[in-house]
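See below for the structure under consideration.
A short reminder: the numbers here are calculations on the coordinates, not readings from a lab. Please read these numbers as outputs of a predicted model, since none were measured by experiment. Neighbour counts are summed over all protein chains in view; Cβ atoms, including those assigned to glycine, are modelled from backbone coordinates with ideal geometry.
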């Protein structure tokens, strides 16, 4: 390896050492720093930690550059980045390994998976807000009923037009999120057509991102807004 590459590697190692409040022997055996077979299990954990941080930055934080306020961006317009110290704050493990099971036995059990609920449609004189299940573009029965009610209102106002906007989470894969938001908007449009609303009265907007602080499970990050104009 070149001297330059060695400096890169040692710079990363020193960052990890300072972030966790440990020294080199936390991961390495001093008889052979490069030998994996002689290293401690913590070195394997560190290997995964490097990749975890890479994925956090590349898959979650970097895609948010367009929704961060300008004062949160870097000199080149890049989004904030996470590193080891972001979470560790100088501690090699949470609470320095303090045992929590005695006072919090619920932490030892496996929690049952909970599917986020799909809120009912919100209807008003100026439109509707329709919600979808996480990762799905299928209409629920309650949402379909709301669309039918919206269609009845539109039939009474023949001159009104609709604008349909699908919203997606700001985190994760942008292309996949936009495609899911688009499919949800298509589902609403098709349901309105089935209910007797002419396609010429419907305008589809481009997929829009929800607020940056909303998780993908948040109903506002999996909604379709319908505006009556």
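Summary of computed values
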item	result
Cα-based radius of gyration of the range 59-186 once divided by 2.2 N^0.38 Å, which approximates compact folds	1.59
For q = 0.19, 0.20 Å⁻¹, Debye-computed log10 I/I(0) when each Cα of the range 127-228 counts as one equal scatterer	-0.84, -0.92
Residues of the range 25-50 with amide N under 15 Å of the 7 Å Cα→Cβ point at residue 93	26-27, 40-46
Packing-based exposure ordering (other Cβ within 10 Å, fewest first) of 88, 168, 104	104, 88, 168
Within the chain, percent of DSSP bridges classed antiparallel, to nearest 5	75
Calculated FRET efficiency for the pair residue 115/residue 58, C-beta based, R₀ 25 Å, to 0.05	0.35
Tail beyond 12 Å, pair distance distribution of the range 111-172 (Cα, percent)	74
Mean residue ellipticity (222 nm) of the chain, computed from DSSP H runs ≥ 4 via -39,500 (n - 2.57), nearest 500	-10500 deg cm²/dmol
Residue with peak Gaussian network fluctuation, the chain [Cα springs, cutoff 10 Å], from 209, 17, 39	39
Cα gyration tensor of the range 88-138 - equivalent ellipsoid semi-axes, whole Å, descending	42, 16, 11
Alpha carbon centroid spacing (whole Å) that separates the range 1-59 from the range 64-117	20
Two-decimal ratio, the range 36-131, of alpha-carbon radius of gyration to 2.2 N^0.38 Å	1.69
Pair residue 24, residue 123: separation of 7 Å Cα→Cβ label points (nm)	7.2
Bins of 10 Å, starting at 0 and running to the largest distance - Cα pair percent for the range 24-68	26, 32, 21, 15, 5
Volume of the Cα convex hull of the range 1-89, divided per residue and given in Å³	122
Two-decimal log10 I(q)/I(0) for the range 159-211, as the Debye equation yields it once each C-alpha is a single scatterer, q = 0.26, 0.27, 0.28 Å⁻¹	-0.92, -0.97, -1.01
The chain, relative contact order [Cα under 8 Å, separation at least 6], %	20
Protection proxy ranking, peptides 116-122, 42-48, 130-136, average beta carbon neighbours within 10 Å, highest first	130-136, 116-122, 42-48
Exposure proxy order (Cβ contacts within 10 Å, fewest to most) of 188, 114, 203	114, 203, 188
Potential extension, residue 72-residue 208 segment - 0.36 nm per residue separation minus Cα distance	46.9 nm
Computed Rg/Rh of the chain, alpha carbon atoms with Kirkwood Rh	1.16
Choice from 174, 101, 204 with maximal GNM fluctuation in the chain (Cα, 10 Å cutoff)	101
